[in-house]
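Notes follow once the structure below has been shown.
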Amino acid sequence: MSGLKGLNAAAVWEQIGLKLDVMIAAMGEKSPHVAGATGKYDDMRLDWWTSGFWPGMLWIAYDITGAERYKKAAWNWDERLEKLMLQANNFDHDVGFQFLPTAAIKYKLTGDAEARRRALYAANFLAGRFNLRGKFIRAWNGDKHGWSIVDTGMNLSLLFWAASESGDPRFSHIAQEHANTMLNYFIREDGSVHHIIDFDPVTGEIAEAIGGQGAGPDSAWSRGAAWALYGMANTFRYTGEPKYLQAAQRVANFFIAHLPEDQVPHWDFRVETGLEGEPRDSSAGACAASGLLELADLLREPEGRCYRMAAERILGSLYENYGTWDLPTHEAILLQGTGHKPAGQNVNVSLIYGDYFFVEAIAKLNGWSHRIF
Ligand code: GLY
């Protein structure tokens, strides 16, 4: 691994542009999720939580450059998602991850009325998953009626957007109630987070914490921390309530303090047997970096600068040590992501959400001012 150099955000954006052109040529109608050793992205089903990330990258590139090829490739994704939503499907709380980088940003950038309608439709679907007794948004489907997960923090932005777009405050009431549940049950005193909390869906009483994609119920799944830090920063941005800002800082401080020397996190910060030989999760690093940039913008100096510098250190290492820049036909941008280590799924691969948050964070460093989340 090479040492960390200062990050030249404009130069990295140029490299990203070259990659996006490779990706546009390769992707077609594919909904990319994982690329392994072949360097080819798979084609995941459209109701899987990751289907918004590739079009989201295209909308960011369109917003920054104004180049029509990005808009053309991104244009029909919200329509495709909606078509599936009107048939048997497995959409869940992750409609935020899916409709914010497609319908909502398309509406923001183009004023397309159909895109606005689709984003509001998805927000209604998300709001309908709220459990009144437990004050949480239900995560998944099937018999998991009481399962709530830390990742939902990122999907709250769809509700805050819908509240402001429609003028109906119920959307933000639900988002804030869920955010309060995150403060009460998910974010620990030390700034680490639980992945899953199982509530009794009838009484709303907490039943147990579950390890989920982390190493165990008491471990510290790094991507979960990234979701919490970014989600809490966003919740502060939308509400102005300091408790969310404090929570974002608590998680950020834990995250930064536990980074290894090269600044890219292991998949979990607290593995009982130790971190030696454990895989990294570049996607957790990219997502946290983008969240840290958001947090930095919400704080006065010099506090903000500390988080901005931490983000730049992570992004610098991702660029220097984890990129596919020397593999011009590789369809992904980052290597060494970890999807679900306990299940043995997607370990040491490229993940589309790692690519998305890397692109988003570099766009922010280049002055991109719209927001998707
Ligand atoms: N939201 C699912 C994951 O982070 O893997």
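Quick notes
- Lone unmet requirement of (1) charged (D, E, K, R); (2) surrounded by fewer than 24 Cβ atoms within 10 Å (Cβ to Cβ); (3) within 16 Å of the ligand (Cβ to nearest atom) for GLU241: (3)
- Elements of the type strands (runs of 3 or more DSSP E) sitting completely within region 103-218 and holding at least 2 residues that are within 25 Å of ASP281 (Cβ to Cβ) and either polar (S, T, N, Q) or in contact with a Ser or Thr (Cβ under 8 Å, 6 or more places away or on another chain) (or both): these cover 196-199.
- Restricting attention to region 71-98, the residues that are away from the ligand (no atom under 14 Å from the Cβ) and part of a helix (DSSP H, G or I) total 13.
- Test for ASP47: is it under 17 Å from the mean Cα position of the chain (by Cα) and either outside any helix (DSSP H, G or I) or surrounded by fewer than 18 Cβ atoms within 10 Å (Cβ to Cβ) (or both): yes
- Test: residue in region 280-287 that is buried (at least 23 other Cβ atoms within 10 Å of the Cβ), among the hydroxyl-bearing types (Ser, Thr, Tyr) and touching a strand residue (DSSP E or B) at 6+ places or on another chain (Cβ under 9 Å): yes
- Any hit, region 132-143, residues being of a type in the set (Val, Ile, Thr), within 16 Å of the ligand (Cβ to nearest atom) and farther than 17 Å from ALA104 by Cβ: yes
- Some residue of region 364-373 being within 15 Å of the ligand (Cβ to nearest atom) and either closer than 21 Å to LYS40 by Cβ or in a loop (DSSP other than H, G, I, E, B) (or both): yes
Yes/no matrix, rows are residues, columns are (1) without any contact (Cβ under 8 Å) to a residue 60 or more places away in the chain; (2) within 18 Å of HIS266 (Cα to Cα); (3) more than 16 Å from the ligand (Cβ to nearest atom):
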{"residue": "SER290", "(1), (2), (3)": "no, yes, no"}
{"residue": "ALA296", "(1), (2), (3)": "yes, no, yes"}
{"residue": "ARG308", "(1), (2), (3)": "yes, no, yes"}
{"residue": "LEU318", "(1), (2), (3)": "yes, yes, yes"}
{"residue": "THR324", "(1), (2), (3)": "no, no, yes"}
{"residue": "LEU327", "(1), (2), (3)": "no, no, yes"}
{"residue": "LYS341", "(1), (2), (3)": "no, yes, no"}
{"residue": "VAL347", "(1), (2), (3)": "no, yes, no"}
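- Each residue in region 205-255 was checked for being out of contact with any Leu (no Cβ under 8 Å at 6 or more places or on another chain) and not hydroxyl-bearing (Ser, Thr, Tyr), and 29 of them qualify.
- If the condition is being in contact with an Asp or Glu (Cβ under 7 Å, 6 or more places away or on another chain) and within 14 Å of the ligand (Cβ to nearest atom), then region 144-180 contributes TRP147, ASN155.
- Qualifying residue in region 271-279 (condition: within 16 Å of the ligand (Cβ to nearest atom), charged (D, E, K, R) and in contact with a strand residue (DSSP E or B) (Cβ under 7 Å, 6 or more places away or on another chain)): no
- Among (1) crowded, with 21+ Cβ neighbours inside 10 Å; (2) out of contact with any strand residue (DSSP E or B) (no Cβ under 6 Å at 6 or more places or on another chain); (3) farther than 26 Å from ALA175 by Cβ, the one test that TYR41 misses: (2)
All of the numbers you see were taken from the coordinates with simple rules; none came from a lab. Everything numeric in this text was worked out from a predicted model, so none of it was measured. Heads up, the Cβs are rebuilt from the backbone with ideal geometry, glycines too, and the neighbour counts pull from every protein chain shown.
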